[in-house]
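A.B. asks: Have a look at this one.
The values are calculated or read from the model by the stated rules, or taken from the named source; none is laboratory data. Nothing here was measured: the structure is a model prediction, and the numbers come from that model. Please note: Cβ atoms are built from the backbone with ideal geometry, for glycine as well, and neighbour counts cover all protein chains shown. For accessibility, only protein heavy atoms count, side chains too; no ligands or nucleic acids. Shrake-Rupley method; radii C 1.70, N 1.55, O 1.52, S 1.80 Å.
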Amino acid sequence: EADQGVSATEGYVTGWNDLSGSGNHLNQVTGNPRWLVNALNGHAVVDFDGTGDELRRAANLTALPAGSANRTLLLVANYRGAGYGGFTYGQPACNQTFGLGVTPSGNLMVQGWCNDYPSTTLGTGTGWMVQAVVVSGGAITHYRDGAVIGTAQKNFNTVLNRIVLGAEIDGAPQ
């Protein structure tokens with residue numbers, strides 16, 4: 001939640017602390033992501049303008065599902081641009097990334113790097129949403145606002161190398 005853990009100077013985000021106790025702080029900032037207080041139903045949001053913004057943790061990830069472990073990821077997002085931005089963790093290598101975002105055409109997707117799972121559901125320009133994915137026993141179920149928008153079979157091999165918010169896991173595009 002952007003109401004807690006975000007540090008900012010003059011409205012620009014300088015970091016986002018992990019409040020779970022796992023220490024996965026997003027402490028590397030590129031560009032100028034904004035911290036907008038009271039932007040969504042009285043809650044703060046971190047705003048990425050799509051031109052060079054990202055938050056990152058580049059090493060020492062802990063307590064995230066790795067390999068092919070079961071996992072659930074929820075992301076509250078308002079995609080205003082297309083091009084793989086969202087939230088991912090892992091490393092930029094085939095099948096070693098896991099996350100949620102949008103495709104270059106603006107459709108919602110589950111990312112696996114080389115093995116992405118795009119939906120036919122438009123995400124870009126459609127307003128605030130809860131995008132989610134559940135991976136259980138190799139079955140992927142992708143959701144938008146609680147409705148299933150896609151399923152697939154996949155065994156991830158996620159490597160705990162980095163976390164990226166607001167950009168592709170390799171940093172381009174942002």
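A.B. asks: Would you please list the contacts, defined by Cβ atoms under 8 Å and residues six or more apart or on different chains, that run from a residue in region 160-172 that is under 20 Å from residue 80 (Cβ atoms) to a residue that is open to solvent by 10 Å² or more (accessible area, probe 1.4 Å) and β-branched (Val, Ile, Thr)?
C.D. replies: If the second residue must be open to solvent by 10 Å² or more (accessible area, probe 1.4 Å) and β-branched (Val, Ile, Thr), the pairs left are 165/46; 166/46; 167/30; 171/30.
A.B. asks: Now a separate question. If you scan region 8-39, which residues turn out to be part of a strand (DSSP E or B) and farther than 16 Å from residue 166 by Cβ?
C.D. replies: Answer for region 8-39, where residues must be part of a strand (DSSP E or B) and farther than 16 Å from residue 166 by Cβ: 9, 37, 38.
A.B. asks: Identify all residues within region 12-45 that are surrounded by 12 or more Cβ atoms within 10 Å (Cβ to Cβ), free of Cβ contacts under 8 Å to residues at least 40 places away in the same chain and of a type outside the set (Val, Ile, Thr); write none if there are none.
C.D. replies: The answer is 12, 17, 18, 23, 25, 27, 28, 32, 34, 35, 36, 39.
A.B. asks: When residue 48 is evaluated against the numbered criteria (1) crowded, with 20+ Cβ neighbours inside 10 Å; (2) modelled with pLDDT under 95; (3) closer than 25 Å to residue 154 by Cα, which criterion, by number, is the only one it fails?
C.D. replies: Condition (3) is where residue 48 drops out.
A.B. asks: Can you find a residue in region 122-131 that is buried (at least 20 other Cβ atoms within 10 Å of the Cβ), more than 12 Å from the chain's Cα centre (by Cα) and free of Cβ contacts under 8 Å to residues at least 24 places away in the same chain?
C.D. replies: no
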